[in-house]
Amino acid sequence: MLALDSSNGNVRWSFSAGDGVKPQPLVTQTSIYQTKISPDQLFALDALSGATQWTYSDGDSVFFYNSITDEAPGTLFTCGRGNTLYALNISTGALNWKYTGSASYNVSPLFSNGTVYLPGNDSTFCAINAVSGQLIWKFIAGENILVAPTLINGVLYFGCGDKKLYAINAATGKLEWCYITKSYIFSPVFSLF
């Protein structure tokens with residue numbers, strides 16, 4: 001992993017991750033959060049120096065889909081290869097809580113108003129309290145959820161393997177409506193008038 005100076009292309013720092021890193025690190029002004037393959041780890045690097053700030057591993061999960069939210073200050077949310085959502089202290093990497101669901105999570109969760117919205121690949125869509133890790137509600141779609149949800153005016157929109165676009169109430173998890181399409185929906189598109 002390299003950090004290059006944008007003005008001249010010179011190497012600012014480098015970090016050896018052994019067998020490699022997964023794509024799409026999470027980058028903030030002060031830190032870079034990345035997953036490492038073999039051993040499976042999530043690590044935090046200082047964005048200016050590349051120094052390791054902390055590492056976290058639960059022993060067997062490949063971490064991915066990292067996100068930080070201002071609604072749960074100081075918390076990094078990440079999913080593992082299995083069926084677990086982790087909430088880690090952003091400064092130390094210590095585990096705040098973990099939620100174990102019925103599905104593996106292959107789509108990035110969404111965070112809003114103190115809630116983690118977690119789409120699963122077994123057709124479940126869960127809302128989790130971002131502070132406590134407790135389940136708020138669970139919605140069952142018709143098939144695997146293929147895209148990260150979009151939240152607009154209190155409604156979650158997402159595509160599914162059953163060729164439907166779903167709209168569910170973000171507070172209650174109740175279906176508002178669904179639209180049947182001719183193909184899979186990989187990314188909802190919205191035009192607000």
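Bear in mind these aren't lab numbers, they're just calculated from the coordinates by the rules spelled out. All of these numbers come straight from a predicted model, not from anything done at the bench. Because the Cβ atoms are built from the backbone with ideal geometry, glycine has one as well, and the counts that use them run over all protein chains shown.
Here are some notes:
- Summed side-chain charge close to LYS163 - residues other than LYS163 whose Cβ falls under 13 Å, Lys, Arg +1, Asp, Glu -1: 0
- Debye log10 I(q)/I(0) at q = 0.11, 0.13, 0.17 Å⁻¹ for segment 96-193, Cα point scatterers: -0.28, -0.40, -0.68
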